[in-house]
Amino acid sequence: MNDQLLMEIGTGSIINKKNKCTISRASKNVIVVLSAYNEETSIGSIILLTRLYADRVIMVDDASSDQTAEIAKKAGAEVITNKTNKGKSASLETGFKSAVNLGADIIVTMDSRGRHNPDDIPRLIDPIVTGTADVVNGTRYLNSVDRNIPVYRRVGQTILGRFSNKKSGKIRDYQTPFRAFAASTKDMIHFDVNDLAKEDEMLVNACKSGLRIKEVEIGTHYKFEDRVQAPGKYVLGILRGVVRDIEANKPLYFYAVPGFALATCGFYMGLKFLEDLVFGIESLHLWYILIMVFLSVAGVYMTVTGIVMHSMAEVAQTEAT
């Protein structure tokens, strides 16, 4: 995107929209945080449109190899550049901290590929402005399913949503990064997961911290997405998210149950081994002994791990309440 195009997008009738939005958000200092990696085709227009509805735009460039950082600067964003690729979660955390240091009252996170419409920002921040919410989640299907979302994504979001709602209540859309946070939530929001589960865990942490969460409907666009490669990566991300969810929240099912089954098989093989040893049966093999020992040790280890992790989770939950 060249300088002339940036100038053309940034001028004209949009000035009236900016004035209208400035009035609607009153005196709140709104800062939008973007994480971008090789997004030169979309980042300029996204930043220019976003600036109409925010006091500042912070873009964290995650070691892009194209002109993402340069275009973002020309479009008016404050650019923070990672020297190495750290992932979206680490970039959002960097941008979030920077926004807090700049005195933000409300911090908005959104996609940098053009999937979200900056026009939705006033509606997204309104519950925080009016004091009725601490976190606002933009949902793509509050009243109906957004048909712009590919089928495989809707299925994946439904699966992750079912797991997430078991932990924190009824939230319709856990997988959108388009959210608004009151600055007072800065110590309760954690960015410690680097895949599809990050959006999920952010809301779960907010729920566990007792924050008031509200959902507002937003639109979604997928014109910048690679539809050929994305489905496979997305499915793998869903599977990782589900596995991580079970491991973190159901350690007895994840570790102890299969561990007990393995240990039972190992101990049964041990009894058969002793029986054959007593009766002098010469059909014993080294591979049998190795499998017996492996199953017994692995089973006991997994069972103990599951019990310990379950106990720690119970203690943490008790302290949180």
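The values are calculated or read from the model by the stated rules, or taken from the named source; none is laboratory data. All figures in this text were calculated on a predicted structure; none of them were measured in a lab. Heads up, the Cβs are rebuilt from the backbone with ideal geometry, glycines too, and the neighbour counts pull from every protein chain shown. To get the accessible areas, we keep the full protein, side chains included, count just its heavy atoms, and leave off ligands, DNA and RNA. Shrake-Rupley method; radii C 1.70, N 1.55, O 1.52, S 1.80 Å.
Net charge near Q67, counting Lys/Arg +1 and Asp/Glu -1 over other residues with Cβ under 11 Å of its Cβ? It would help to have the intermediate numbers written out before the result.
Details: positive: K73, K74; negative: E39, E40, D61, D66, E70.
It works out to a net charge of -3.
For the stretch 286-301, the Karplus equation 6.51 cos²θ - 1.76 cosθ + 1.60, evaluated at θ = phi - 60°, returns couplings of 4, 4, 5, 5, 5, 5, 4, 5, 4, 4, 5, 5, 4, x, 5, 4 Hz by residue, with Gly and Pro reported as x. If the segment from F267 to T132 were pulled out straight at 0.36 nm per residue, it would be longer than the present Cα-Cα gap by 42.8 nm.
Solvent-accessible surface (1.4 Å probe) assigned to D126 amounts to roughly 70 Å².
Shape class of the stretch 251-319 from the alpha-carbon gyration tensor: prolate, with a/c at 1.5 or above and a/b greater than b/c. For T81, the residues whose amide H sits under 5 Å from its own are D61, ignoring neighbours fewer than 5 places away on the same chain, with H placed 1.01 Å from N.
3J(HN,Hα) couplings calculated from phi for the stretch 254-265 with the Karplus curve 6.51 cos²θ - 1.76 cosθ + 1.60 (θ = phi - 60°) are, in sequence order, 6, 10, 5, 5, x, x, 5, 5, 5, 4, 4, 4 Hz; Gly and Pro show x.
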